[in-house]
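> Structure provided below as structure tokens; questions to follow.
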Amino acid sequence: MNLPAALDAEGLVHRYDERAALDGVTFQVASGERFGLLGPNGGGKTTLFRIASTLLAPSAGTMRVLGSDVTREPAAVRRRLGVIFQQPALDAELTVRENLQVQGALVGVTGRAFAQRADQLLVALGLEDRAKSRVKTLSGGLARRADLARGLLHRPDLLLLDEPTTGLDPRARAELWDALDADRRARGTTQVVATHLMEDAERCDRVGILDHGRLVALDTPDALKAALGAEALWLDGPDPDALARLLTETLHLTARPVGRRVLVETESPARLLPAVYDAAGPLVESATLRRPTLEDVFLAVTGRAFGEGDEVRKTATKR
């Protein structure tokens, strides 16, 4: 018997007035997978999460959570879904345990079941000695772990994490990922992570890159980077179009302008550097040779640097 996808989006569209926040997005997340949605602000990640959590109806297309349609069966979706918002959804004046009690009342986890689950989560997340501390006294990392306990209290099958490590220091970030790894090992929870941080995306089994509402790439982090070759050669110059055209015509290279730079795709770019300078020296100001990163992948598939042009887009949206 085949299990339904934990998250299944097909032709998903959502519009705010004339702007398409999501434009025909299709993908599936398998049960037990950690899936990353990588993109700059305004890429569509938050809109997609709002639809998945039944807070927003799509303009077109469908989304299912573990086989239940988010529009027609919202109650079934909410029972199996946990959400960790960009900012902790905790009452700062209540203690950690009191916040969990409030959450338990909302999701129907009370009495012995609450006591058992709360105790387990507090120990698992290293919060047992802070159970009686008011949230406002906690560090950012501890508050994030308390919020994770809130989201896991009803043992969801699918956990949505919206920018989970933003604002955390390196130690708190590592501790949060350790806690998420432990929950995944113990319960097989599916985790979908929306992030603009490359480091977080690298921790995912697969990554979908969202840009201006479109899913422009989807694969494992290693496969996405390998598509650019073992090493990537980036060239800077005053006229990227002319440089790419010259390298293509004279050296028969796969060279293309990407924003203000030129990406040369070849198996052995280091060996080509002398020939590149001989053929196009005046058009090359500098050359960078490195193993591809997810940021390079974004550059390659969108034609611009990560986040470039977003301020213009925000301004246009406000008008």
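The values are calculated or read from the model by the stated rules, or taken from the named source; none is laboratory data. All figures in this text were calculated on a predicted structure; none of them were measured in a lab. Using ideal geometry, Cβ is built from the backbone for each residue, glycine included, and neighbour counts are taken over all protein chains shown.
> Spot the failing condition for PRO238; the list is (1) in contact with a Ser or Thr (Cβ under 7 Å, 6 or more places away or on another chain); (2) on the phi < 0 side of the Ramachandran plot; (3) of a type outside the set (Val, Ile, Thr), and only one is missed.
(1)
> A follow-up question, please. Filter the stretch 246-301 for residues that are crowded, with 16+ Cβ neighbours inside 10 Å and of a type in the set (S, T, N, Q); which is farthest from THR195 (Cα to Cα)?
Selected residue: THR266.
> Filtering the stretch 1-12 down to residues that are at pLDDT 90 or above and outside any strand (DSSP E or B), which residue is surrounded by the fewest Cβ atoms within 10 Å (Cβ to Cβ)?
ALA5
> Further, regarding this structure: Regarding GLN116, is this residue under 25 Å from GLU199 (Cα atoms), without any contact (Cβ under 8 Å) to a residue 60 or more places away in the chain and of a type in the set (S, T, N, Q)?
Spelling it out, it is not the case that GLN116 is under 25 Å from GLU199 (Cα atoms), without any contact (Cβ under 8 Å) to a residue 60 or more places away in the chain and of a type in the set (S, T, N, Q).
> Just one of ASP239, ASP219 is under 28 Å from LEU48 (Cα atoms), surrounded by fewer than 16 Cβ atoms within 10 Å (Cβ to Cβ), of a type outside the set (S, T, N, Q) and modelled with pLDDT of 90 or more; which is it?
From the options ASP239, ASP219, the qualifying one is ASP219.
> If I ask for residues that are of a type in the set (Gly, Ala, Ser) and assigned to a strand (DSSP E or B), which ones from the stretch 23-41 would you list?
Within the stretch 23-41, GLY24, GLY36 meet the criteria.
> Okay, moving on. Residue check, ARG15 against (1) crowded, with 16+ Cβ neighbours inside 10 Å; (2) modelled with pLDDT under 95; (3) within 21 Å of ASP211 (Cα to Cα), all met but one. Which one?
Exception for ARG15: condition (1).
> Regarding GLY82, is this residue more than 14 Å from HIS14 (Cα to Cα), touching a Pro at 6+ places or on another chain (Cβ under 9 Å) and surrounded by 16 or more Cβ atoms within 10 Å (Cβ to Cβ)?
Answer is yes for this residue.
> Could you pull out every one of the helices (runs of 4 or more DSSP H) wholly within the stretch 54-156 that has 1 or more residues that are under 24 Å from the mean Cα position of the chain (by Cα), of a type in the set (D, E, K, R) and in the same structural domain as THR189 (by TED's automatic domain parsing)?
74-79, 140-152
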